[in-house]
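Q: Below is the structure I would like to discuss, written out as structure tokens.
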Amino acid sequence: MALTKRGWRAAFVAAMALGAGGAAYSAESMPPAQYQVLSHDILKQLIEIDSTHAHGSLVAAQAVAQRALDAGYGAADVSVLAPADHPTKGNVVIRLRGKGHGKPLLIIGHLDVVEANPRDWTTDPFKLVEKDGYFYGRGTEDMKGDDTLVLTAMIRMKKEGYVPDRDIIAAFTADEEAGGDADGVQWLFAAHRELVDSDLVLNTDGEGGWLKNGQRYYVGIETSEKLYATFELETTNKGGHSSLPRPDNAIYQLTAGLQKLAAYQFPLHLTDTTRSYYSQIALLRPGAERADMLALAGPSPEAAAARLSLDPVQNAQLRTTCVATMLRAGEGESALPSRASATVQCRLIPGETPEQTQATLEKVLGDPGIHVSVDGPIDPSPETPLTADVQARFRRAVDSMWPGVPIIPDMAAGASDSVYARLAGEPSYVSSGMFTDIDDVRDHGRDERVGVHAFYQGGEYIYRLLKVMAARP
């Protein structure tokens, strides 16, 4: 991804001054020492398994499964699965049996990571290195760190003999990152629904806690994400020799249309999630910015939205966006182009459709000679309302660790596997267990890392969050 799931939000928050503080890390909110040791060992094991797209996630899935079996889970409650046509794209599903009060709680996280070139790093990306208060390694932030915390919590609850009110299912999955030809969550819902059927889904792949200057700012809960849709624009003509140029040049025709698209701004479109987000984040903001955010809820929000939209990240929250990302044209330097094409990637506000967006693109381009098509099919991306009950449960878990830190719902401009849970009719909330420095987000980047204290404390938070979320109302 050009802008990662946590990275896009960090770009927004980093532009803001600190608006809320928080308590320092404390020994009282750390997990017991033996589970800190366990989580370190699991993280080291997972980081040192190369689960990039070319290698697949089967080895990592098998390692997770063995950890669960060694902790006392029965073979019937630990399933390692991979599609027959993608045998290296392993998934593992672990079930902690509960008292049967309601449908299970499901927590998901992917085991695959993006590529890492060792020449670009100051440490080996596939070795866990601890230095200067951080753990370094590919996947520490996205998202083997959170996978480790979930697995450790599942092991801890099993060893403690904890029996939740309902089953807790943890699914560690394949192929969420680049490549995506055997997405684990999508495949499990399609082929093994009985293993992941639930009525509440947590996903730690994004959002979560944000730090600024060492202080806690807020805990984000993603309740929706924009719809990813890619369009192809193409012009064609008979071409010819470059010594005899004509006005009807395929490149000129296409680029003229792209210039119109560059100047176009989709209309303001607020959703329930973004209305709630701005009404709450505004209270942490100073001066004119606060006024503009609050004005979005008023009868005439256009002027405030225009000012906020000068920030590309805020603009992405306020409307659908479409941008040209690739160009292809020409057969040789002495030939007039017979074909020119461009890839335009759009991120649609939930509730809008690819068909509506294609119609808008065709209208903006204003040239029937530019053929517009969509790479599809495109699944819808429904919102998950943040219910009073779910919000209260998050509040309870957060306050048990960091009393008073704001909890704010938001919409991701990027994408996650939660879209497949929502399409399956299961409400899904995305929130990492770890606090991350908003000025130093490194997922998908060089020298990816997480704070040692944030990692261990996140383990205690995930343990408490799972117990709170699995409890009866």
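The values are calculated or read from the model by the stated rules, or taken from the named source; none is laboratory data. The shown structure was predicted, so the numbers you read here are calculated from the model rather than taken from an experiment. Here Cβ is always computed from backbone atoms with ideal geometry, including for glycine, and neighbour counts include all displayed protein chains. With ligands, DNA and RNA removed, areas are computed over all heavy atoms of the protein, side chains included. Shrake-Rupley method; radii C 1.70, N 1.55, O 1.52, S 1.80 Å.
Q: Output the residues belonging to the stretch 345-396 that are among the small types (Gly, Ala, Ser) and within 29 Å of Ile408 (Cβ to Cβ).
A: Gly351, Ser381, Ala388, Ala392
Q: Continuing with the same structure: I need a count of the residues in the stretch 93-146 that are buried (at least 24 other Cβ atoms within 10 Å of the Cβ), under 17 Å from the mean Cα position of the chain (by Cα) and assigned to a loop (DSSP other than H, G, I, E, B).
A: Qualifying residue count for the region: 9.
Q: Pick from the stretch 291-316 the residues that are farther than 30 Å from Ser341 by Cβ and in contact (Cβ under 8 Å) with a residue 40 or more places away in the chain: which of them is nearest to the chain's Cα centre (by Cα)?
A: Ranking the qualifying residues of the stretch 291-316, first place goes to Gln314.
Each row is one residue, and each column tells you yes or no for (1) open to solvent by 10 Å² or more (accessible area, probe 1.4 Å); (2) farther than 22 Å from Lys127 by Cα; (3) assigned to a helix (DSSP H, G or I).
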| residue | (1), (2), (3) |
| --- | --- |
| Leu38 | yes, no, yes |
| Ser51 | no, no, no |
| Ala54 | yes, no, no |
| Gln62 | yes, no, yes |
| Arg67 | yes, no, yes |
| Gly72 | yes, yes, no |
| Ala76 | yes, yes, yes |
| Ser79 | yes, yes, no |
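Q: Consider Gly332 against the criteria (1) among the small types (Gly, Ala, Ser); (2) closer than 21 Å to Gln265 by Cβ; (3) part of a loop (DSSP other than H, G, I, E, B): it satisfies all of them except one. Which criterion is unmet?
A: Exception for Gly332: condition (2).
Q: Something else now. Taking the stretch 363-380, which residues are modelled with pLDDT of 95 or more and either part of a helix (DSSP H, G or I) or within 21 Å of the chain's Cα centre (by Cα) (or both)?
A: Residues satisfying the conditions are Lys363, Val364, Leu365.
Q: Determine whether Ala392 is of a type outside the set (D, E, K, R) and open to solvent by less than 30 Å² (accessible area, probe 1.4 Å).
A: Against the criterion (of a type outside the set (D, E, K, R) and open to solvent by less than 30 Å² (accessible area, probe 1.4 Å)), Ala392 does not qualify.
Q: What are the residue pairs meeting all of these: first residue in the stretch 345-362, first residue assigned to a helix (DSSP H, G or I), second residue of a type in the set (S, T, N, Q), Cβ atoms under 7 Å, and 6 or more apart or on different chains?
A: Thr357/Thr320
Q: Just for helices (runs of 4 or more DSSP H) wholly inside the stretch 388-473: which have at least 1 residues that are more than 28 Å from Met30 (Cβ to Cβ), modelled with pLDDT under 95 and touching a Ser or Thr at 6+ places or on another chain (Cβ under 6 Å)?
A: Qualifying helices (runs of 4 or more DSSP H): 418-423.
Q: Oh, and also: Report yes if Asp112 is out of contact with any Ser or Thr (no Cβ under 6 Å at 6 or more places or on another chain) and charged (D, E, K, R), otherwise no.
A: So Asp112 does not fit the description; no.
Q: Determine whether the stretch 430-444 contains at least one residue that is open to solvent by 40 Å² or more (accessible area, probe 1.4 Å), under 23 Å from Ala397 (Cβ atoms) and more than 18 Å from the chain's Cα centre (by Cα).
A: no
Q: I need a count of the residues in the stretch 281-295 that are open to solvent by 10 Å² or more (accessible area, probe 1.4 Å), at pLDDT 95 or above and not charged (D, E, K, R).
A: Counting residues in the stretch 281-295 that are open to solvent by 10 Å² or more (accessible area, probe 1.4 Å), at pLDDT 95 or above and not charged (D, E, K, R) gives 3.
Q: Can you pull out every residue in the stretch 177-189 that is open to solvent by 20 Å² or more (accessible area, probe 1.4 Å) and touching a strand residue (DSSP E or B) at 6+ places or on another chain (Cβ under 8 Å)?
A: Once the filter is applied, which keeps residues that are open to solvent by 20 Å² or more (accessible area, probe 1.4 Å) and touching a strand residue (DSSP E or B) at 6+ places or on another chain (Cβ under 8 Å), the stretch 177-189 yields only Trp187.
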